[in-house]
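All remarks here apply to the structure that follows.
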Amino acid sequence: MAIRRGRGVAAVNYPTGMNLGGDPSQALVHSTPTGNFMVTLSSVDLGQGLKQVMAQICAETIGVKTEQVIIDTADTDTGPHCMGTFASRGTHRIGNAVIQAAKEARQVMLEVAAEALEVDAGDLETDGEGNIHVKGAPQKSISIFDTALMAHFKLGRSISGRGMFLVPRSYPEVETGAMKPSTCYAHACTVAEVDVDDETGEVTVVSIKNVFEIGRALNPKMVEQQLVGGSWMGISHALYETTEPYYPARDHAGTDFNEYLMPGPGDIAPTEIVVLERPAEDGPYGAKGPGEMCANPQIPALANAIFDAVGVRIDMMPITPERILRALKEQRATAH
Amino acid sequence: MKLAKDYFADQRTEELKELGQGLQRSDVPGHVTGKTSYFADRTFPGMLCLRMVRSPHHHARIRSVDLSEAERHPGVHRILTHKDIPHNLYTILILIQVGPEDEHVLAEDKVRWKGEAVVAVLADSEWAANEAAAKVRIDYEVLPSVLDIDAALAPDAPIVNEHHGQNHYMYDSGPSRKVRYGDVEKGFAEADHILEQTYYSSPIEQAPMETTGCIVTPDGNDRFTCYTNTQAMFFTLDNTSIILQMPGHKLHMVGGTVGGGFGGKVDVTVEPIAILAAKLTGRPVSFIYSRYEEMQVSSPRAAEKIVLKDGVMNDGHIVARQVWGYTDAGAYSRHSPYGAQKGAAHYPGPYTIPNVWVDTWCVYTNRTPSSAMRGFGVTIADFALEVQMDKLARLIGMDPLEFRFINAYRDGDMKAHRQPTTGAALIECMQEASRVASWPVAEKYMQMSSYKGG
Amino acid sequence: MAKVPVQFSLNGEEKAEFVDSGSTLLKVLRDKMGDTSPKGGCLQGTCGSCSVVVDGELRLSCLTLAETCDGADIQTTAGLASDGVLHPLQRAFMDEFAAQCGFCTPGMIMAAKVLLDANPDPTREDVIEALSGNVCRCTGYEPIIRAVLTAARSNSQNAA
Ligand code: FES
Ligand code: FES
């Protein structure tokens, strides 16, 4: 009886957005009289930071600071349609809608500035610090603050834009299954190392090394939040979670956090994360959806590591100590 | 976390100012001071509390429902049954034309899973609602139940859901979503080895810290404001509009920050009944799942059964892959017909295989209806696929990581669902994994690239 | 239902209310006193999201009867910042990106505060122990542990 070490690998991809498309999101952008920008949506922030990333996308596109952008969302009386927050679609779909709306608003803003500076709108650029100036002549400049005031009070113009993003729905061909499930895919490869106690069946995750390719990390800190939490959830799925541990008997079913097992703060695995960026052609500034993909590769990587350690295959999730012990028992029985 | 900037540097030409920066989240000061507002952080005078009476049986006919004792319980305002629901039969994906309607908001003649909602009690406190709910008497005739995929597909299995007519979803392509590419039989005939294996999973709960729920207020002008933690505002509004036969302009959904979703809040299970209750009583109504309901009643990630059959050559090439994927939808469709067919496109995995044959089924059983969860339609498939890859590599005596390089898809490769691969990055992920995990592979694999011809 | 009077100090302010006999502290704080910083993630003592500090001790407010808190000194996350200046724990949770949906955050911060009040220089193991009654489904815990350690460090720097 001993602690045995093993290592396993898994590589996966994950589609961004609702399978087969047909999932619209819309956005509206307008400026306040003093040159702040309001983005109106009906999308839901589940905690992943949707509001923050949309503010950064809008700011990048218009050419202002992120703190000048306010996100008003999740209200069906004010926000234009969004299909919802699921299927790793938020950043990609809503982000694209925000870009389109912000571009339109930026165009009006530049037209107003052009009138003020008596130049052509096409000759103007933003400095990202709150000013618009003539390309190559930074002294010929007007602030966005003054531009917005002028639009509102002198020219009677609305610095605003409408955005919409829709991947057309694909209908699978009945006989062959020819279809377009997604426009872009995130990728991952995970190497897991485990110690398995062949007396108790207990698994200790020694290390998890995740490599994720996510298109573009629009806010690397928030990406890291998703990836760290996702990797934890993958481990949890692999080794702990089920609502019905002895199905069909339901009296063992977890009804609260004492009974429904997940790794706690004392069970977390040393985790390393590397992010690669291959921009998606149709992604907002290249981004794909990383939120779901990041919780998948740990599961098979751990299953493979456990096999590598003790030579038994558990082809049923979750891979509990009980299942490992039963398999080891069987292994010993056939060996004799 | 490390950004490995060397990979694909030639493709990142845009210069970014506000993006690419780990700016602080604007919502976090609210989180750390307890000021962020979640839907349940509100109270209204006169608010009623809704409690569901749920089926204790997997499958049963409802002989009678006796509310008399419950109705007399102090604090009870009203008890709703299926007769109160204008359009009681629904299915959420009807909005994107994925029918048929197959689920009752409140059970009528039958219950099809343990936990199905039968009667909704409205009382002026949670206590009163719980106590009164315990006094609802329902007489059931227990029926034989079907508790797993194999039992459901057995020829003489009892029918779980009459609205489908058989224990599986019927796609336009038949009982399964099909992918047919190349000729798997020919592939198997040529293969040096064939490996067929079966994989299983058990349902998994999304387990967000904040349970599913909503609070509804009648606005006084025949409109209703519903504070909800749904993941999809208009999906909820439009489904509510159908179920209540109420024009959409009478409904106002307000979300906020949601205390975690993970796919668990895309079903429409609390809003329609709570809005109806507010309409019928003229009072604000809250319907918030207990922790028990969140863990055992709200739809989990489905149990799956996956059979993979692969033909592989001694040189490491997979020449044929056949897949039978079964998703246990439980008693009702919810999002499962969608999730099951998502697997059809996913199944060959991120590998280029010349002969692929996939059938994915959405199967009905008398289990808790399953629905979306983080990685919907893919998570369990990846478990099966990647364990199978490990077995195949060992079968031919090859390093599992090198085996994946040999089969990895690259730009331009045709996928089984007949889309050319674009934007591939699997090879680079594996190269970096080889480096960070000190898992060396032959130099030729480190020289590969996902680019066309790479 | 019989109403009973309760009186206690909430974040330094005297509060008095008549509440239903048997009401939990969580319900009274949220519904009667407008402090919604403690969250009800399970209402049965298994998640820690309702954690508050009662007379210096960490308590699950969902399992604490309000009546038993008469005369007590109660602290919640809502009262942690003083004069708009965030507590080092609050700062650290922000800097370490330790909150995603934020639902577990007020409870985590309370648990961490009780730890740091008793042990200003905790080890990683001490932090894990202190947080082990609090569940988070988003973060994977690592950022939260780091935030508590960071807060402890910044505390000791300020003290020095
Ligand atoms: S709400 Fe008190 S421990 Fe969960
Ligand atoms: S941040 Fe969401 S539960 Fe902890």
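Binning the C-alpha pair distances of segment B:329-418 at 10 Å intervals from 0 yields a P(r) profile of 16, 38, 30, 14, 2 %, listed from the shortest bin outward. Using a 1.4 angstrom probe on protein heavy atoms only, the contact between B and C buries about 2500 square angstrom of accessible area, both sides summed.
Here, the protein assembly as shown is characterised by an Rg to Rh ratio of 0.96, where Rg is the alpha-carbon radius of gyration and Rh the Kirkwood radius. Under conditions of 4 °C and 1.567 mPa s, chain B yields 52 µm² s⁻¹ as its translational diffusion coefficient, taking Rh as the Kirkwood radius over Cα pairs in the Stokes-Einstein equation.
Rolling a 1.4 Å probe across all protein chains gives B:Phe262 an accessible area of roughly 30 Å².
State the Cα centre-to-centre distance between segment B:347-405 and segment A:282-336 in whole Å. Here the two parts' Cα centres lie 12 Å apart. Summing Cβ point charges (Lys, Arg +1; Asp, Glu -1) relative to the Cα centre of segment A:19-167 gives a dipole of roughly 240 debye.
Ratio of Rg to Rh for segment B:286-445: 1.06 [Cα atoms; Kirkwood radius as inverse mean 1/r over pairs].
Computed over segment C:3-79, the percent of Cα pairs more than 19 Å apart is 22.
If the limit is 28 Å between Cα atoms, which of B:Lys415/B:Lys444; A:Lys288/B:Lys5; B:Lys279/C:Lys3; B:Lys250/B:Lys342; B:Lys5/B:Lys305; C:Lys27/C:Lys113 go over it? Mind dumping the intermediate values first?
Working: B:Lys415/B:Lys444 24 Å; A:Lys288/B:Lys5 17 Å; B:Lys279/C:Lys3 30 Å; B:Lys250/B:Lys342 35 Å; B:Lys5/B:Lys305 40 Å; C:Lys27/C:Lys113 22 Å.
Too far apart for the 28 Å limit: B:Lys279/C:Lys3; B:Lys250/B:Lys342; B:Lys5/B:Lys305.
Just need the Rg to Rh number for segment A:272-336, please, alpha carbons only, Kirkwood Rh. Each step should come with its number before you reach the end.
Values: Rg = 18.5 Å, Rh = 14.8 Å.
In segment A:272-336, Rg relative to Rh is 1.25.
What are the semi-axes of the equivalent ellipsoid for segment B:168-292, taken as the square roots of 5 times the Cα gyration tensor eigenvalues, largest first, in whole Å? Intermediate values should be presented prior to the final figure.
Values: eigenvalues 403, 70, 25 Å².
With the √(5λ) rule applied to segment B:168-292, the semi-axes are 45, 19, 11 Å.
Comparing A:Phe37, A:Phe165, A:Phe86 in a Gaussian network model of chain A (Cα springs below 10 Å), the most mobile by mean-square fluctuation is A:Phe86. Here the mean projected area of the convex hull built on the C-alpha positions of segment C:88-159 is 4.1 nm².
With a 1.4 Å probe, what is the total accessible area buried between chains A and B, in Å² rounded to the nearest 100? Please list the in-between numbers first.
On the way: alone 17280 and 20910 Å², together 28040 Å².
Between A and B, the summed buried area is about 10100 Å².
The sum of -39500 (n - 2.57) across all DSSP H runs of n ≥ 4, divided by the residue count of chain C, sets its helix-only mean residue ellipticity at 222 nm to -9500 deg cm²/dmol. Assuming a viscosity of 1.567 mPa s and a temperature of 4 °C, what translational diffusion coefficient in µm² per second does Stokes-Einstein assign to segment B:1-114, Rh being the Kirkwood radius over Cα pairs? It comes out at roughly 62 µm²/s.
Based only on the alpha carbon positions, what is the Kirkwood hydrodynamic radius of chain C, in angstrom? The partial results should precede the final answer.
Values: mean 1/r = 0.0628 Å⁻¹.
Across chain C, the inverse of the average 1/r is 15.9 Å.
Here the simple spin-label model places points 7 Å from the Cα toward Cβ, and for A:Thr34 and A:Glu118 these points are separated by 3.0 nm. Applying a 4.7 Å Cβ-Cβ cutoff to chain B, the cysteines left without a disulfide-compatible partner are B:Cys49, B:Cys214, B:Cys226, B:Cys362.
Among the protein heavy atoms of segment B:1-113, carbon and sulfur supply 49% of the accessible surface, probe 1.4 Å, non-protein parts ignored.
In segment A:19-167, what is the volume of the convex hull around the alpha carbon atoms, normalised per residue and reported in Å³?
Details: hull volume 15.4 nm³, N = 149.
Here the figure is 103 Å³ per residue.
What does the convex hull of the Cα atoms of segment B:147-214 come to per residue, in Å³, rounded to a whole number?
Details: hull volume 15.6 nm³, N = 68.
Dividing the Cα hull volume of segment B:147-214 by its residues yields 230 Å³.
With both labels modelled 7 Å from their Cα along Cα-to-Cβ, the B:Asp222 to A:Glu322 distance reads 5.7 nm.
When a 1.4 Å probe is rolled over the protein heavy atoms, the share of accessible surface on segment C:88-159 that falls to carbon and sulfur comes to 48 percent.
So between A:Glu330 and A:Gln139, what do we pick up on full extension, going 0.36 nm a residue minus the alpha carbon distance?
Working: separation 191, 0.36 × 191 = 68.76 nm, distance 8.09 nm.
Value of the extension gain: 60.7 nm.
In whole angstrom, how long is each semi-axis of the equivalent ellipsoid of segment A:158-243, when you take the square root of 5 times every eigenvalue of its Cα gyration tensor and sort them from largest down?
Its equivalent ellipsoid spans semi-axes of 37, 23, 12 Å.
Figure note: A:Asp251, A:Asp72 ranked by solvent-accessible area, largest first, 1.4 Å probe, ligands and nucleic acids not counted: A:Asp251, A:Asp72. Accessible surface comparison of A:Arg162, B:Arg321, probe 1.4 Å, protein chains only, largest first: the order is A:Arg162, B:Arg321. Above 24 Å, the calculated P(r) of chain A contains 64 percent of its Cα-Cα pairs.
The values are calculated or read from the model by the stated rules, or taken from the named source; none is laboratory data. The shown structure was predicted, so the numbers you read here are calculated from the model rather than taken from an experiment. Positions of Cβ are backbone-derived with ideal geometry, glycine not excepted, and every protein chain shown enters the neighbour counts. Keep in mind that these areas ignore ligands, DNA and RNA; they rest on the heavy atoms of the full protein, side chains included. Shrake-Rupley method; radii C 1.70, N 1.55, O 1.52, S 1.80 Å.
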